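These notes concern the structure reproduced below.
The values are calculated or read from the model by the stated rules, or taken from the named source; none is laboratory data. Fair warning: this is a prediction, and the values are worked out from it, not measured in the lab. In this analysis, Cβ positions are derived from the backbone assuming ideal geometry, glycine residues included, and neighbour counts consider all displayed protein chains. Ligands, DNA and RNA are excluded from the accessible area calculation, which covers all protein heavy atoms including side chains. Shrake-Rupley method; radii C 1.70, N 1.55, O 1.52, S 1.80 Å.
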Amino acid sequence: MRKLLLNLTACSLALLPALAQADTLRMECAPSKEGREFCRYVKQRFEAQTGHTLTFIDLPRASDEKLSLFQQLFAARDANAIDLFQADTVWIGVLNKHLLDLTPYVSDMRQDFFPAAWQNDMVNGRVKAIPAYMDTGALYYRKDLLEKYGEQPPKTWAELTRIAARIQQAERANGHKGLWGLVFQGKSYEGLTCNALEWVASQGGGTFIDADGSITVNNPRAAQALEMAAGWVGTIAPPGVLGYMEEEGRALFQNGDAVFMRNWLYAYVLTQDKSSAIRGKVGVMPVPGGADGQSVSTLGGWQWAISSYTKNPQAAVALLKIVSDAESQKKAQGLLGWAPSRQALYQDPQVLAQAPYLATFSGILAKATPRPATQTRRKYAQVSKAIYNTSFNVLRRDSDGAGAVQTLQARLERIRARGWR
């Protein structure tokens, strides 16, 4: 009996180190009902698989407030604040030094994700995040109106301009006085940077700043692209587009008062709502290209990242792999409508059964182009502000395209100064 007790005691002592290693990890959780359900799903899998405990943290919904909070927490090197969180696609360079280097853990996963999204999450060749879900710019169009006038979806901006003007004029003559040809995000904010990138890059004018950090915006094609967009304002786009963000344009389009709309992928589901005036009449496609038809859509979406101050990197990586695997992405799509970041899921029968529109989005996402955020790092906010303010000045005719790109080149060079850091 005494021998049995000694053996049991020895076994109990042997278990103590394993038990002592059990940690509590903290993960961001969306505050919605669907978000909570997804988090409970992740919690069950993580705790069963690892023996650790998972708790959830609410964060500000506004992107700028959330980034500001992270910068404060990371400046304090707070290891108890959060382990796993979602970062906006343009934050990876900004938060680089505060993000755990994932390269040793996830390099074999690269081929499973959309290439542009994966590349966006790398800094100096190191993987700093994993794409959580995808988003990109897209062109929405009224299928019924294009069919009525015998037009095909436009492949180039010139075709869009012609079709929009033709249908706008004809429909107004038929009594639809409030119809416009095109709406987009024309307000001076981050959304205009995204639109301007699509206009300029699709016309062969580059991406403002190359992947190696070289500033390239001062060229005739970039100037021409901005002039093209300025020509829309007050002709095929309402003068009020200079104050439009995503929802202002969507409201006008969804009310039936626009032929084309540039917006993000989230808008598709809303246009098909029972209350939508254009339900069943909407097509979605990559944004048009330049004369050669080359389309460029701005990459959006969010990324899973791990704080470099986490107390348990191995457990945090295990959690990241759970939230980013195929089953979790299916769950998130069904509950939250997140467009998967794994390419194979766009051919998955289960996913397409619950979201058939994703079959259309695969080709759009494959063309997504990142903003110049990773290479400009902590200076991206200044870079984007320079881009959208300069573009806005052209749209409202305070500057012409040639003068604008020359001014922007000089401004970006001042921001860069002694390097992107």
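Quick one: helix 220-232 against the long Cα principal axis of the chain, what's the angle to the nearest 10°, folded into 0 to 90?
Orientation of helix 220-232: about 70 degrees from the principal axis.
So how compact is the stretch 312-387: Cα radius of gyration and Dmax in angstrom?
Radius of gyration, then largest Cα-Cα span, for the stretch 312-387: 16.3, 44 Å.
Return the equivalent ellipsoid semi-axes of the stretch 148-211 as a descending list in whole Å, where each equals the square root of 5 times an eigenvalue of the C-alpha gyration tensor.
After scaling each eigenvalue by five and taking roots: 29, 15, 6 Å.
May I ask you to compute the full-extension gain from Gln44 to Gln71, defined as 0.36 nm times their residue separation minus their alpha-carbon distance, rounded to one decimal in nm?
Contour length minus Cα-Cα distance gives 6.7 nm.
Of all the C-alpha pairs in the stretch 278-421, what % are more than 23 Å from each other?
Counting pairs separated by more than 23 Å, the tail of P(r) holds 59 percent.
What span do the alpha-carbon atoms of the stretch 157-266 cover on each of the three principal axes, reported in whole Å from largest to smallest?
52, 26, 21
In whole percent, how big is the carbon plus sulfur part of the accessible area of the stretch 292-421, probe 1.4 Å, protein atoms only?
46
Can you find, among Ala318, Tyr149, Pro370, the residue sitting farthest towards the positive end of the charge dipole of the chain, where Lys and Arg contribute +1 and Asp and Glu -1 at Cβ?
Ala318
Go ahead and estimate [θ] at 222 nm for the chain from helices alone: -39,500 (n - 2.57) per DSSP H run with n ≥ 4, summed, over the residue count, rounded to 500.
Numbers: 17 runs with 193 residues, N = 421.
Helix contribution divided over all residues of the chain: -14000 deg cm²/dmol.
Give me the percent of accessible area attributable to carbon and sulfur for the stretch 119-158, probe 1.4 angstrom.
Values: 720 of 1570 Å².
Summing carbon and sulfur atoms, their accessible area is 46 percent of the total for the stretch 119-158.
Could you work out how far helix 63-75 tilts from the main Cα principal axis of the chain, as a 0 to 90 degree angle to the nearest 10?
Relative to the chain, helix 63-75 is tipped by roughly 40 degrees.
Suppose accessible area is computed on protein heavy atoms with a 1.4 Å probe; arrange Leu139, Leu73 from highest to lowest.
My answer, sorted largest first, is Leu73, Leu139.
Need one value: the accessible area of Asp101 in square angstrom, 1.4 angstrom probe, rounded to the nearest 10.
50
Sort 208-221, 347-360 by packing, meaning the average of other beta carbons within 10 Å per residue, with the highest value first. Each step should come with its number before you reach the end.
Values: 208-221: 16.5, 347-360: 14.0.
Put in order of decreasing packing, that is 208-221, 347-360.
Distance in nm between label sites at Asp210 and Glu327, each 7 Å beyond Cα in the beta-carbon direction?
So the label points at Asp210 and Glu327 sit 4.6 nm apart.
For Arg61 and Gln382, what is the calculated FRET efficiency with R₀ set at 22 Å and r taken between the beta-carbons, to the nearest 0.05?
After rounding, the FRET efficiency stands at 0.35.
At 7 Å along the Cα-to-beta-carbon direction for both Arg162 and Arg418, put a label point, then send me their distance in nm to one decimal.
Rounded to a tenth, the inter-label distance reads 5.4 nm.
Cα extents of the stretch 39-124 along the three principal axes, largest first, in whole Å?
Taking max minus min along each principal axis of the Cα atoms, the stretch 39-124 gives 34, 33, 23 Å.
Only four residue types carry charge here, +1 at the Cβ of Lys and Arg and -1 at the Cβ of Asp and Glu. Report the dipole size of the stretch 219-285 about the Cα centre in Debye, rounded to the nearest 20.
240
Normalized C-alpha radius of gyration of the chain, against 2.2 N^0.38 Å?
1.11
For Ala22 and Tyr189, compute 0.36 nm times the residue count separating them, minus their Cα-Cα distance, and round to one decimal in nm.
Separation in residues times 0.36 nm, less the Cα-Cα distance, equals 55.6 nm.
Over 30 Å between Cα atoms: which of Lys321/Lys367; Lys66/Lys385; Lys66/Lys143; Lys148/Lys187; Lys274/Lys321; Lys155/Lys281 fall into that group? Numbers along the way, then the final one.
Values: Lys321/Lys367 26 Å; Lys66/Lys385 18 Å; Lys66/Lys143 38 Å; Lys148/Lys187 32 Å; Lys274/Lys321 37 Å; Lys155/Lys281 19 Å.
Pairs exceeding 30 Å: Lys66/Lys143; Lys148/Lys187; Lys274/Lys321.
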